[in-house]
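**Student:** Before anything else, here's the structure in question.
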Amino acid sequence: MTRGRIELGDVTPHNIKQLKRLNQVVFPVSYNEKFYKDVLEVGELAKLAYFNDIVVGAVCCRVDTADNQRRLYIMTLGCLAPYRRYGIGTEMLIHVLNICEKDGNYDNVFLHVQINNDGAIAFYEKFGFEIVEKKDNYYKKIEPADAYVLQKTFRKKPTSANNDDDDQQMIKTH
């Protein structure tokens, strides 16, 4: 672990250009203006990661309510290459998982990863994500075009108000 201060900050109209530039450098796909407009509306679900006051990463999520499930979709989670392995991605993912835990009403959290991105797959597996599906030709204009869907499923919190242990319950996978 290197010495440095990692902090997460809000995405605002003032710093949205930093997020755009970061995404251009980190990801092989481009995001349209609607993506950035939506990111400004999601509050805690979008964060910039600062390492010693420099923007080096970001995470952007949205709530997905398809198929009678309430899920959190990680649209992007990335960090500039020179700052990887400093715990920045971990900090961002823990932020997302904490949101799910505090809310208590998410069925799962999921994301897409290019099938050849072994580093990202291993990173998410450390946090209990599993490959649940392969999507052929998911990506346009990049190779390989296929993606895995990685998902972490949560056990819902019991609704019983009498049990003090409910609040202490850890997020668990099935």
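The values are calculated or read from the model by the stated rules, or taken from the named source; none is laboratory data. No experiment lies behind these values; they were computed from the predicted model shown. Note that each Cβ is placed from the backbone with ideal geometry, even for glycine, and that neighbours are counted across all protein chains shown. Quick note on the areas: whole protein, heavy atoms, side chains included, nothing else; ligands and nucleic acids left out. Shrake-Rupley method; radii C 1.70, N 1.55, O 1.52, S 1.80 Å.
**Student:** List the pairs whose first member sits in the stretch 108-135 and is farther than 16 Å from Leu72 by Cβ and at pLDDT 95 or above, whose second member is part of a strand (DSSP E or B) and open to solvent by 40 Å² or more (accessible area, probe 1.4 Å), and whose Cβ atoms are under 6 Å apart, counting only residues at least 6 apart or on separate chains?
**Tutor:** Ile115/Tyr148; Ile131/Tyr148; Lys134/Tyr148
**Student:** Pairs please, first residue from the stretch 26-55 and open to solvent by 60 Å² or more (accessible area, probe 1.4 Å), second anywhere and among the basic types (Lys, Arg), Cβ atoms under 8 Å, 6+ apart in sequence or on different chains.
**Tutor:** Close Cβ pairs satisfying both conditions: Tyr31/Lys20; Asn52/Arg5; Asp53/Arg5.
**Student:** Still on this structure, I have one more. Please work out if Tyr36 is aromatic (Phe, Trp, Tyr), assigned to a helix (DSSP H, G or I) and either farther than 16 Å from Leu111 by Cα or touching a Leu at 6+ places or on another chain (Cβ under 7 Å) (or both). So that I can check it myself, show each step before the final result.
**Tutor:** Values: aromatic (Phe, Trp, Tyr): yes; assigned to a helix (DSSP H, G or I): yes; either farther than 16 Å from Leu111 by Cα or touching a Leu at 6+ places or on another chain (Cβ under 7 Å) (or both): yes.
Answer is yes for this residue.
**Student:** Please verify whether the stretch 136-155 includes one or more residues that are at positive phi, modelled with pLDDT of 95 or more and in contact with a Ser or Thr (Cβ under 7 Å, 6 or more places away or on another chain).
**Tutor:** Within the stretch 136-155, the subset at positive phi is 137, 141.
Imposing the further condition that a residue be modelled with pLDDT of 95 or more reduces the set to 137.
Narrowing the set further to residues that are in contact with a Ser or Thr (Cβ under 7 Å, 6 or more places away or on another chain) leaves none.
For the stretch 136-155, residues at positive phi, modelled with pLDDT of 95 or more and in contact with a Ser or Thr (Cβ under 7 Å, 6 or more places away or on another chain): absent.
**Student:** Still on this structure, I have one more. How many of the residues making up the stretch 130-148 are in contact with a Phe, Trp or Tyr (Cβ under 8 Å, 6 or more places away or on another chain) and either farther than 18 Å from Val29 by Cα or assigned to a strand (DSSP E or B) (or both)?
**Tutor:** In the first step, residues of the stretch 130-148 are kept if they are in contact with a Phe, Trp or Tyr (Cβ under 8 Å, 6 or more places away or on another chain); the result is 131-135, 145-147.
If we keep only those that are either farther than 18 Å from Val29 by Cα or assigned to a strand (DSSP E or B) (or both) too, we end up with 131-135, 147.
Qualifying residue count for the region: 6.
**Student:** Then there's this: Quick check on the stretch 65-75: of everything there that is more than 23 Å from Pro28 (Cα to Cα) and at pLDDT 95 or above, which residue is most open to solvent (accessible area, probe 1.4 Å)? Working first, answer last.
**Tutor:** First, the residues of the stretch 65-75 that are more than 23 Å from Pro28 (Cα to Cα): 65-71.
Applying the additional criterion that residues be at pLDDT 95 or above yields 70-71.
Values: Arg70: 74, Arg71: 32 Å².
Only one residue fits best here, namely Arg70.
**Student:** Yes or no: the stretch 76-96 includes at least one residue that is polar (S, T, N, Q), open to solvent by 50 Å² or more (accessible area, probe 1.4 Å), part of a helix (DSSP H, G or I) and at pLDDT 95 or above.
**Tutor:** no
**Student:** Taking Asn23 and the conditions (1) within 19 Å of Val96 (Cα to Cα); (2) open to solvent by 60 Å² or more (accessible area, probe 1.4 Å), which numbered condition does it fall short on, given that it satisfies the others?
**Tutor:** Here Asn23 meets the rest and fails (2).
**Student:** Taking the stretch 80-139 as the search range and keeping residues that are among the aromatic types (Phe, Trp, Tyr) and out of contact with any Lys or Arg (no Cβ under 9 Å at 6 or more places or on another chain), which one is nearest to Leu19 (Cα to Cα)?
**Tutor:** Of the stretch 80-139, the ones among the aromatic types (Phe, Trp, Tyr) are 83, 86, 106, 110, 123-124, 127, 129, 138-139.
Those left that are additionally out of contact with any Lys or Arg (no Cβ under 9 Å at 6 or more places or on another chain): 83, 86, 123, 138-139.
Values: Tyr83: 16, Tyr86: 19, Phe123: 22, Tyr138: 23, Tyr139: 21 Å.
The extreme case among them is Tyr83.
**Student:** Oh, and also: List the pairs whose first member sits in the stretch 69-88 and is under 15 Å from Ala120 (Cα atoms), whose second member is open to solvent by 30 Å² or more (accessible area, probe 1.4 Å) and basic (Lys, Arg), and whose Cβ atoms are under 8 Å apart, counting only residues at least 6 apart or on separate chains?
**Tutor:** Note: pairs meeting the criteria are Met75/Arg62.
**Student:** Which one of these does Tyr124 not meet: (1) touching a His at 6+ places or on another chain (Cβ under 8 Å); (2) open to solvent by less than 70 Å² (accessible area, probe 1.4 Å)?
**Tutor:** So the condition that Tyr124 fails would be (1).
**Student:** A further question on this structure: Hey, among the residues in the stretch 1-20 that are outside any strand (DSSP E or B) and in contact (Cβ under 8 Å) with a residue 60 or more places away in the chain, which one's most open to solvent (accessible area, probe 1.4 Å)?
**Tutor:** Taking the stretch 1-20 and keeping what is outside any strand (DSSP E or B), we get 1-5, 11-20.
Remaining after also requiring in contact (Cβ under 8 Å) with a residue 60 or more places away in the chain: 1-2, 4.
On the way: Met1: 182, Thr2: 53, Gly4: 42 Å².
Of everything passing the filter in the stretch 1-20, Met1 is most open to solvent (accessible area, probe 1.4 Å).
**Student:** Restricted to the stretch 156-173, and to residues that are under 19 Å from Ile94 (Cα atoms) and in a loop (DSSP other than H, G, I, E, B), which residue is modelled with the lowest pLDDT? Full working, then the answer.
**Tutor:** So in the stretch 156-173, the residues under 19 Å from Ile94 (Cα atoms) come out as 156-157, 167-173.
The next check asks that each one be in a loop (DSSP other than H, G, I, E, B); those that pass are 156-157, 169-173.
On the way: Lys156: 67, Lys157: 58, Gln169: 44, Met170: 44, Ile171: 42, Lys172: 42, Thr173: 39.
Once the filter is applied, the top-ranked residue is Thr173.
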